[in-house]
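The values are calculated or read from the model by the stated rules, or taken from the named source; none is laboratory data. Just so we're clear, the structure is a prediction, and the values are computed from it rather than from any experiment. No Cβ is skipped: glycine too gets one built from the backbone with ideal geometry, and neighbour counts run over all protein chains shown.
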Amino acid sequence: MKKRTPISKIMTTKVITLNHNDDLETAEALFKKNNIRHIPVLKGGKVIGILSFTDLLRISFADAVDEDEYEIDTVVYNMFSIEQVMAKNLISVNSETTIKEVAEILSKREFHALPVVDGENLVGIVTTTDLINYLLEQF
(Lines give C-alpha, C1' and ligand atoms only; values in the text may rest on other atoms or scores of the structure.)
Protein backbone atom coordinates (compact mmCIF):
# COMPACT_ATOMS: atom_id res chain seq x y z
CA MET A 1 0.00 0.00 0.00
CA LYS A 2 1.42 3.38 -0.98
CA LYS A 3 1.53 5.80 1.94
CA ARG A 4 1.33 9.04 -0.05
CA THR A 5 -1.44 8.13 -2.51
CA PRO A 6 -3.66 11.21 -3.04
CA ILE A 7 -7.39 11.00 -2.50
CA SER A 8 -7.86 11.99 -6.16
CA LYS A 9 -7.10 8.35 -7.03
CA ILE A 10 -10.24 7.04 -5.32
CA MET A 11 -12.68 9.96 -5.02
CA THR A 12 -15.86 10.23 -7.04
CA THR A 13 -15.42 13.01 -9.60
CA LYS A 14 -18.88 13.04 -11.17
CA VAL A 15 -20.51 14.58 -8.12
CA ILE A 16 -24.26 14.97 -7.92
CA THR A 17 -25.03 18.22 -6.10
CA LEU A 18 -27.97 20.16 -4.76
CA ASN A 19 -28.49 23.89 -4.77
CA HIS A 20 -29.22 25.34 -1.33
CA ASN A 21 -32.69 26.36 -2.46
CA ASP A 22 -33.70 22.99 -3.93
CA ASP A 23 -36.43 21.20 -2.01
CA LEU A 24 -36.18 17.98 -0.05
CA GLU A 25 -38.34 16.07 -2.54
CA THR A 26 -35.68 16.80 -5.17
CA ALA A 27 -33.03 15.55 -2.76
CA GLU A 28 -34.90 12.30 -2.07
CA ALA A 29 -35.34 11.69 -5.79
CA LEU A 30 -31.60 12.18 -6.39
CA PHE A 31 -30.66 9.83 -3.56
CA LYS A 32 -32.92 7.08 -4.84
CA LYS A 33 -32.28 7.55 -8.58
CA ASN A 34 -28.49 7.53 -8.18
CA ASN A 35 -28.28 5.06 -5.28
CA ILE A 36 -26.10 7.44 -3.24
CA ARG A 37 -26.07 8.50 0.41
CA HIS A 38 -24.37 11.94 0.42
CA ILE A 39 -24.94 15.04 -1.70
CA PRO A 40 -22.91 18.25 -1.40
CA VAL A 41 -25.04 21.39 -1.18
CA LEU A 42 -23.86 24.43 -3.15
CA LYS A 43 -24.60 28.13 -2.89
CA GLY A 44 -23.12 30.33 -5.58
CA GLY A 45 -20.97 27.41 -6.69
CA LYS A 46 -19.38 26.97 -3.25
CA VAL A 47 -19.93 24.00 -0.94
CA ILE A 48 -21.92 25.07 2.12
CA GLY A 49 -22.95 21.65 3.42
CA ILE A 50 -23.64 18.01 2.79
CA LEU A 51 -27.05 16.38 2.95
CA SER A 52 -27.05 12.68 3.76
CA PHE A 53 -29.87 10.27 3.13
CA THR A 54 -29.86 9.63 6.90
CA ASP A 55 -30.49 13.36 7.49
CA LEU A 56 -33.51 13.12 5.23
CA LEU A 57 -34.83 10.00 6.92
CA ARG A 58 -34.64 11.68 10.32
CA ILE A 59 -37.33 14.15 9.33
CA SER A 60 -39.42 12.08 6.95
CA PHE A 61 -41.43 8.97 6.57
CA ALA A 62 -39.76 8.34 3.19
CA ASP A 63 -39.37 4.59 3.54
CA ALA A 64 -41.78 4.00 6.41
CA VAL A 65 -45.13 4.70 4.76
CA ASP A 66 -47.18 3.26 1.95
CA GLU A 67 -47.04 4.84 -1.48
CA ASP A 68 -50.65 5.94 -0.96
CA GLU A 69 -49.41 8.24 1.81
CA TYR A 70 -47.04 10.28 -0.37
CA GLU A 71 -48.73 13.49 0.73
CA ILE A 72 -47.31 13.04 4.24
CA ASP A 73 -43.77 13.17 2.87
CA THR A 74 -44.56 16.35 0.99
CA VAL A 75 -45.98 18.02 4.07
CA VAL A 76 -42.98 17.04 6.19
CA TYR A 77 -40.53 18.06 3.47
CA ASN A 78 -42.19 21.43 3.08
CA MET A 79 -41.62 22.13 6.77
CA PHE A 80 -37.83 22.16 6.32
CA SER A 81 -35.29 23.57 3.90
CA ILE A 82 -32.16 21.76 2.79
CA GLU A 83 -30.09 24.27 4.76
CA GLN A 84 -31.97 23.36 7.96
CA VAL A 85 -31.37 19.63 7.52
CA MET A 86 -27.87 19.40 6.02
CA ALA A 87 -24.59 19.13 7.92
CA LYS A 88 -22.99 22.58 7.93
CA ASN A 89 -19.77 22.31 9.93
CA LEU A 90 -17.84 20.59 7.20
CA ILE A 91 -14.30 19.56 6.89
CA SER A 92 -13.17 19.47 3.30
CA VAL A 93 -9.98 18.13 1.81
CA ASN A 94 -8.15 18.90 -1.41
CA SER A 95 -7.36 16.41 -4.14
CA GLU A 96 -3.75 16.05 -2.95
CA THR A 97 -4.73 15.06 0.61
CA THR A 98 -3.53 11.51 1.16
CA ILE A 99 -5.85 8.56 1.50
CA LYS A 100 -4.33 7.94 4.94
CA GLU A 101 -5.14 11.51 6.06
CA VAL A 102 -8.73 11.17 4.85
CA ALA A 103 -9.08 7.82 6.64
CA GLU A 104 -7.86 9.45 9.86
CA ILE A 105 -10.38 12.29 9.53
CA LEU A 106 -13.31 9.97 8.84
CA SER A 107 -12.35 7.58 11.62
CA LYS A 108 -12.39 10.37 14.22
CA ARG A 109 -15.55 12.18 13.10
CA GLU A 110 -19.22 11.29 12.97
CA PHE A 111 -19.67 11.75 9.25
CA HIS A 112 -19.01 9.43 6.33
CA ALA A 113 -18.26 11.73 3.41
CA LEU A 114 -15.95 14.65 2.70
CA PRO A 115 -16.16 17.13 -0.14
CA VAL A 116 -12.94 17.43 -2.12
CA VAL A 117 -12.34 21.10 -2.90
CA ASP A 118 -9.45 22.60 -4.83
CA GLY A 119 -9.39 26.34 -4.27
CA GLU A 120 -13.11 27.06 -4.06
CA ASN A 121 -14.15 24.45 -6.64
CA LEU A 122 -15.80 21.16 -5.76
CA VAL A 123 -13.80 18.51 -7.63
CA GLY A 124 -15.04 15.36 -5.93
CA ILE A 125 -16.42 13.58 -2.92
CA VAL A 126 -14.85 10.79 -0.91
CA THR A 127 -16.81 8.43 1.31
CA THR A 128 -16.09 5.65 3.74
CA THR A 129 -17.25 3.26 1.00
CA ASP A 130 -14.53 4.61 -1.30
CA LEU A 131 -11.97 3.93 1.42
CA ILE A 132 -13.23 0.41 2.06
CA ASN A 133 -13.18 -0.39 -1.66
CA TYR A 134 -9.61 0.92 -1.89
CA LEU A 135 -8.52 -1.26 1.03
CA LEU A 136 -10.20 -4.31 -0.51
CA GLU A 137 -8.27 -3.75 -3.74
CA GLN A 138 -5.03 -3.91 -1.76
CA PHE A 139 -5.66 -7.56 -0.79
Residues in the stretch 1-42 that are closer than 13 Å to V116 by Cα and assigned to a helix (DSSP H, G or I) total 3
Identify, by number, the condition in (1) within 14 Å of the chain's Cα centre (by Cα); (2) surrounded by 14 or more Cβ atoms within 10 Å (Cβ to Cβ); (3) hydrophobic (A, V, I, L, M, F, W, C) that L131 doesn't meet.
-> (1)
In the set D73, D55, the lone residue that is crowded, with 17+ Cβ neighbours inside 10 Å, part of a helix (DSSP H, G or I), modelled with pLDDT under 95 and in contact with an Asp or Glu (Cβ under 8 Å, 6 or more places away or on another chain) is D73
Hits in the stretch 102-120 - residues which are touching a residue at least 40 places away in the same chain (Cβ under 8 Å), surrounded by 12 or more Cβ atoms within 10 Å (Cβ to Cβ) and either among the acidic types (D, E) or farther than 17 Å from R4 by Cβ (or both) = F111, H112, A113, P115, V117
